[in-house]
Amino acid sequence: MTTAKLNLDNYLPYLVNRVGTSIAEQFGAEALAPYGLSIAMWRVMAVLASTGAQRQIDLAALTSIEVSTLSRIVTRMVRMGVVSRTRSTSSTREVVVKLTAKGNGQVERLIPIAHDYESVATAGLPADDVAVLKRCLRRVYANMRNRQVTAVAAA
């Protein structure tokens, strides 16, 4: 019987995870830790800074954070004073999350650092290649979001 082999060094999911983990660990330790922020909190703040106030359900989709996990994160962030959470004017069941002045200030200080991390990560790559890489990764993400879940046969 032949054993199937998988070269991780040439396996896209591994490569994407490896890059993401490396950037997240360094950015988290060096840039976010002084503010007591996690990578997930940073994603929330970055989305709110670029899109404005969001319903919590929409924020979950925009950050790829599961709804109940996001609720706990937002609760922590409210206590930290970086976001506010209010009931929606259109539905009392909906919650709207918004950056506070403190949160905006932190985002303004962190965005240039985030851009620096991206520059370091893409050093030596032509700008056109970086654009293609981003477009391809967005497509890969969409493919996986639209994938039908199937049962995997057990050995």
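We did not get these values from a lab; they are worked out from the coordinates using the rules stated. Source: prediction; values computed, not measured. Using ideal geometry, Cβ is built from the backbone for each residue, glycine included, and neighbour counts are taken over all protein chains shown.
A few comments on the model shown:
- Filtered by the rule that a residue be surrounded by 13 or more Cβ atoms within 10 Å (Cβ to Cβ) and of a type outside the set (Val, Ile, Thr), region 56-71 gives GLN56, ASP58, LEU59, ALA60, ALA61, LEU62, LEU70, SER71.
- Residue count, region 8-56 (criterion: touching a helix residue (DSSP H, G or I) at 6+ places or on another chain (Cβ under 9 Å) and not in a helix (DSSP H, G or I)): 4
- Selection within region 1-54 - surrounded by fewer than 11 Cβ atoms within 10 Å (Cβ to Cβ), of a type in the set (A, V, I, L, M, F, W, C) and closer than 21 Å to ILE113 by Cβ: ALA29
- Scanning region 69-84 for residues that are more than 19 Å from the chain's Cα centre (by Cα) and either within 11 Å of LEU48 (Cβ to Cβ) or aromatic (Phe, Trp, Tyr) (or both) returns a single hit, SER84.
- When region 109-133 is limited to residues that are β-branched (Val, Ile, Thr) and part of a helix (DSSP H, G or I), the one that is surrounded by the fewest Cβ atoms within 10 Å (Cβ to Cβ) turns out to be VAL120.
- Of all residues in region 87-108, those being surrounded by fewer than 12 Cβ atoms within 10 Å (Cβ to Cβ) and either part of a helix (DSSP H, G or I) or touching a helix residue (DSSP H, G or I) at 6+ places or on another chain (Cβ under 9 Å) (or both) number 2.
- Scanning region 58-85 for residues that are of a type outside the set (Lys, Arg), more than 16 Å from ARG145 (Cβ to Cβ) and part of a helix (DSSP H, G or I) yields LEU59, SER68, THR69, LEU70, SER71, ILE73, VAL74, THR75, MET77, VAL78, MET80.
- Search result, residues across region 27-71 that are in contact (Cβ under 8 Å) with a residue 40 or more places away in the chain and at positive phi: GLY36, GLY52
- Selection count where residues are at negative phi and in contact (Cβ under 8 Å) with a residue 12 or more places away in the chain, scope region 72-103: 20
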